[in-house]
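**Student:** The structure under discussion is supplied below as structure tokens; questions concerning it will follow.
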Amino acid sequence: MLNINNLNAGYGEMSVLRDINITIDEGEIVSVVGSNGAGKTTLLKAISGLIKSKGTITYNNESLFSLQPHTIVQRGVVHVPEGRKIFPEMTVLENLIMGGYLHQKDRQKNLERVFSLFPKLADRRNQLGGTMSGGEQQMLAIGRGLMGNPKLLLLDEPSLGLSPLFTDVVFSSIHTINKSGVTVLLVEQNVYQSLKISNRGYVIETGTIVLTGTGEELLNNREVKKAFLGM
């Protein structure tokens, strides 16, 4: 579904990603794990067209390089950013409707899908987003992403700053979303939780892929255990 070859990206004169190669097959959950500042967020921004990059990014055999971000969303690649980035002065329902502005004919069906996945959002549909807890806002951010009819969902640090309870809820929802037919590219610092639900994973350090394997292989890798799991 997604092929990234020799990707280089950064900000101005600052290079962040160097010769990144990643493949994602339809139906997979693929994790990119690494420490803060390793280049994970930059990778997702490059895929979704938010920053300029060099190399090749093809989605369903179509290059994404020439496309604007909103066109990439129309193709089915939806990015849920780090830090949630909800609209705090808008209600839960208004936030969700904004997420589906390119797919208005599917609005009701997608709302029902989101409310089924996150019943708490249904209960609080008229509550202002900014008054919700961090975990509830993360549910809203993921729900807003689902309103865009994703075929490939890019999730940037969905567990960041969450309690263990909400972290479990978020990772359970990612698994459910994947089982419904959505391919997931998951960027995370929570290495154990992300690799546990992933078909495959990549470890990134200072803008370079240093390890790859199945989720289970990476969880059992001595270097991964030492660097990320405190073992």
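**Student:** Would you mind calculating the gained length between residue 66 and residue 123 on full extension (0.36 nm times residue separation, minus the Cα-Cα distance), in nm to one decimal?
**Tutor:** Details: separation 57, 0.36 × 57 = 20.52 nm, distance 4.11 nm.
Full extension of this stretch gives 16.4 nm more.
**Student:** Largest first and in whole Å, what are the equivalent-ellipsoid semi-axes of region 1-87 based on the Cα gyration tensor, each being the root of 5 times an eigenvalue? Please list the in-between numbers first.
**Tutor:** Working: eigenvalues 65, 53, 43 Å².
Working from the Cα gyration tensor, I get semi-axes of 18, 16, 15 Å.
**Student:** Compute the separation of the alpha-carbon centres of region 8-66 and region 125-165 and state it in Å as a whole number.
**Tutor:** Each part's Cα centre sits 22 Å from the other's.
**Student:** Separate question: On full extension of the chain, what length is gained from residue 222 through residue 197, given 0.36 nm per residue of separation minus the C-alpha to C-alpha distance? Walk me through the numbers on the way to the answer.
**Tutor:** Numbers: separation 25, 0.36 × 25 = 9.00 nm, distance 1.92 nm.
Between residue 222 and residue 197, full extension yields an extra 7.1 nm.
**Student:** Another one. Taking every DSSP beta bridge that has both residues in the chain, what percent is antiparallel when rounded to the nearest 5? If you can, show how the numbers build up before the last one.
**Tutor:** On the way: 22 of 40 bridges.
Approximately 55 percent, going by the DSSP bridge assignments.
**Student:** Taking the inverse of the average 1/r across all pairs of different Cα atoms in the chain, what Kirkwood radius in Å do you get? Mind showing how you got there, number by number?
**Tutor:** Working: mean 1/r = 0.0560 Å⁻¹.
The Cα-based Kirkwood calculation yields 17.9 Å.
**Student:** Can you work out the FRET efficiency for the pair residue 104 and residue 19, with r the C-beta to C-beta distance and R0 = 45 Å, to the nearest 0.05?
**Tutor:** Working: r = 41 Å, r/R0 = 0.90.
Efficiency, from the Cβ-Cβ distance: 0.65.
**Student:** Give me the net charge for the shell around residue 205: Cβ to Cβ below 12 angstrom, other residues only, Lys and Arg +1, Asp and Glu -1. Write out the running numbers ahead of the final one.
**Tutor:** On the way: positive: 18, 40; negative: 223.
Result for the local shell: +1.
**Student:** Another question, then. Note the full-extension length gain between residue 8 and residue 229 as 0.36 nm times their separation in residues minus their Cα-Cα distance, in nm to one decimal. Before the final figure, lay out each step's value.
**Tutor:** Values: separation 221, 0.36 × 221 = 79.56 nm, distance 2.85 nm.
Separation in residues times 0.36 nm, less the Cα-Cα distance, equals 76.7 nm.
Just so you know, all these numbers are worked out from the coordinates, no wet-lab data involved. Treat the numbers as computed from the prediction; the structure is a model and nothing was measured. Cβ coordinates were reconstructed from backbone atoms using ideal geometry, including for glycine residues, and neighbour counts include every protein chain displayed.
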